[in-house]
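Quick notes on the structure that follows.
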Amino acid sequence: MNTTDGNTRREFVKQSSLLAGGLIAAPFLTKANYFSGSDDVIKVAILGCGGRGTGAAMQALLTKQNVKLVAMGDAFRDRLDDCYKAITADDVADNGGNLRSRIDVPEERKFTGFDAYLKVIPLADVIILSTPPGFRPIHFEECVKQGKHVFMEKPVATDPAGIQRVLAAAEVAKQKKLNVVVGLQRHYQNSYKELYKRKDKIGEITSAQAWWHNDGVWMKKRQYNQTEMEYQMRNWYYFVWLCGDHILEQHIHNIDVINWFKGGYPVKAQGMGGRQVRKGKEYGEIFDHHYVEFEYADGSMFNSQCRHIPGTLSKVDELLVGTKGKIYCGDANIRDNSGKIIYQFDKKSENNPYQTEHDELFAAIAKGEYKFADAENGAKSSMTSILGRMATYSGQLIEWDKAINSGLDLHPKTYDWNAMPQSVPDADGYYPIAIPGKTLYV
Ligand SMILES: NC(=O)c1ccc[n+]([C@@H]2O[C@H](COP(=O)([O-])OP(=O)(O)OC[C@H]3O[C@@H](n4cnc5c(N)ncnc54)[C@H](O)[C@@H]3O)[C@@H](O)[C@H]2O)c1
């Protein structure tokens, strides 16, 4: 527990209770509220066994608590098998050992398909939600309904209809005192927490900037005999209902930091974007760059940029500009208006926030403590990115209230390998792309 500046982490987070990582009243409950079994084992399950699900499962198993992985679910069997192989391998624990004594997932507790969540969720106390973000609202809702603690990856929805579902479920989670951590891990990262504690050194925040620029991510080619649904599910990054576009899928990390330091969410946004390089049909319907000007209620502006174009500047960072100075998140320092460094975080004190978020979540659960309610901020930072996307796709000024209440729902009516997603390709295999000035929202 860090006590810098006279604040314990508990006190610090209490002060910032609006936003993620928020310590809430922290009542102690009886263990009966927390464990399904009579022993002290915390049963965990993964839903979405891809790259992050595999990592998060390992982090859960590497905590100091008595954790056991008891069930796994994925849309596809091969993804589940790859994950199982990775987590049961040798040399995955810190000491060079394995995690096999903490894994008890026999064949009958491995589930595949769209309804895997209904079979996985009842079997554990804590559910790791790490599918593509389009499914998060449905899965989170079900976890809360069944009284489960949740670690869920960001983003938590891809459209306003999904955001509303997550916000509603977040309220129920609070009433049921279910711990919910969202994988916006900068809230659990020492450098960010130390900068946040000292944010008043820059006075009032009058503007901000954030960047997520890199080459882009993987792409999965269409295979012979795939249904349209299977193809989109495999190549999910490039479909808005599943991914939300990279302004949401990745840039949310930076957008969320600005919201956190500002202590609120923008009221409107306008911006521009398009597909300059990533134009092929294999890249579905998302843009390769977005530039958005967000405005907060106090009139302060936040310029956000994200680009997936190989050969261009790589930069993932945030900058907050205040009346008395600036916070440089990447450099982990604060400078006054003359440029003099007035606080420098010692990078030797940096932690692995991916591990910390699990350490803290499972420690709270082991103690029977209600400590984390990240879902509301996760939903509102996801909504901020969606607001930006609505602005770049439409080329219009979009207001938060109208956007979040728009009812926009990009999901198919049913989830089935033969069901049709809303966005389908033309005869040449190309998907409809948003055109600013013509596209209304999306
Ligand atoms: N916090 C971070 O820094 C961080 C880093 C990487 C990924 N993530 C997030 O984790 C999530 C997953 O990303 P990833 O990189 O692991 O992707 P991935 O494609 O490797 O894994 C997603 C898995 O979910 C499965 N899946 C899809 N639909 C499903 C459904 N309805 N039910 C069950 N399983 C389903 C897929 O088959 C796949 O195995 C994304 O939201 C991503 O943004 C967060």
* **Hey, residue 236 touching a Pro at 6+ places or on another chain (Cβ under 6 Å) and either within 14 Å of the ligand (Cβ to nearest atom) or free of Cβ contacts under 8 Å to residues at least 24 places away in the same chain (or both) or not** => yes
Here the residues within the range 264-279 that are in a loop (DSSP other than H, G, I, E, B) and open to solvent by less than 70 Å² (accessible area, probe 1.4 Å) are 264, 265, 266, 267, 275, 278
Kindly establish whether residue 60 is over 29 Å from residue 418 (Cβ atoms), open to solvent by 10 Å² or more (accessible area, probe 1.4 Å) and more than 11 Å from the ligand (Cβ to nearest atom). no
**OP:** Please work out if residue 175 is without any contact (Cβ under 8 Å) to a residue 12 or more places away in the chain, away from the ligand (no atom under 13 Å from the Cβ) and open to solvent by 10 Å² or more (accessible area, probe 1.4 Å).
**Re:** yes
Exception for residue 127 within (1) open to solvent by less than 10 Å² (accessible area, probe 1.4 Å); (2) away from the ligand (no atom under 12 Å from the Cβ) falls at (2)
When (1) in contact with a Pro (Cβ under 8 Å, 6 or more places away or on another chain); (2) open to solvent by 10 Å² or more (accessible area, probe 1.4 Å) are applied to residue 319, the one that fails is (1)
When the range 404-426 is checked residue by residue, the ones that are away from the ligand (no atom under 16 Å from the Cβ) and open to solvent by less than 30 Å² (accessible area, probe 1.4 Å) are 404, 423
Pairing a residue in the range 183-207 that is closer than 24 Å to residue 157 by Cβ with any residue that is more than 16 Å from the ligand (Cβ to nearest atom), where Cβ atoms lie under 8 Å and the two sit 6 or more apart in sequence or on different chains, gives 187/19; 187/193
Within the range 140-167, residues being part of a loop (DSSP other than H, G, I, E, B) and either within 13 Å of the ligand (Cβ to nearest atom) or under 17 Å from the mean Cα position of the chain (by Cα) (or both) number 7
Going through (1) modelled with pLDDT under 95; (2) within 13 Å of the ligand (Cβ to nearest atom) one by one, residue 224 fails only at (2)
Looking across the range 427-442 at residues that are open to solvent by less than 60 Å² (accessible area, probe 1.4 Å) and under 21 Å from residue 225 (Cα atoms), the single one that is nearest to the chain's Cα centre (by Cα) is 431
*asked:* When you check residue 137 against the structure, is it within 13 Å of the ligand (Cβ to nearest atom), of a type outside the set (D, E, K, R) and in a loop (DSSP other than H, G, I, E, B), yes or no?
replied: no
Scanning the range 87-120 residue by residue, the ones that are closer than 18 Å to residue 415 by Cα and either open to solvent by 60 Å² or more (accessible area, probe 1.4 Å) or not small (Gly, Ala, Ser) (or both) total 8
The residue from 369, 357, 376 that alone is open to solvent by 10 Å² or more (accessible area, probe 1.4 Å) and not polar (S, T, N, Q) is 376
Exception for residue 193 within (1) within 30 Å of residue 328 (Cβ to Cβ); (2) within 16 Å of the ligand (Cβ to nearest atom) falls at (2)
message = Looking for something modelled with pLDDT under 95, within 16 Å of the ligand (Cβ to nearest atom) and part of a loop (DSSP other than H, G, I, E, B) - is there at least one such residue anywhere in the range 10-29?
response = yes
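The values are calculated or read from the model by the stated rules, or taken from the named source; none is laboratory data. Just so it is clear, the structure is predicted and the values come from calculations on it, not from any experiment. Backbone-built Cβ (ideal geometry, glycine too); neighbour counts: all protein chains shown. The protein model used for the area step is the full one, side chains on, heavy atoms only, and it has no ligands, DNA or RNA in it. Shrake-Rupley method; radii C 1.70, N 1.55, O 1.52, S 1.80 Å.
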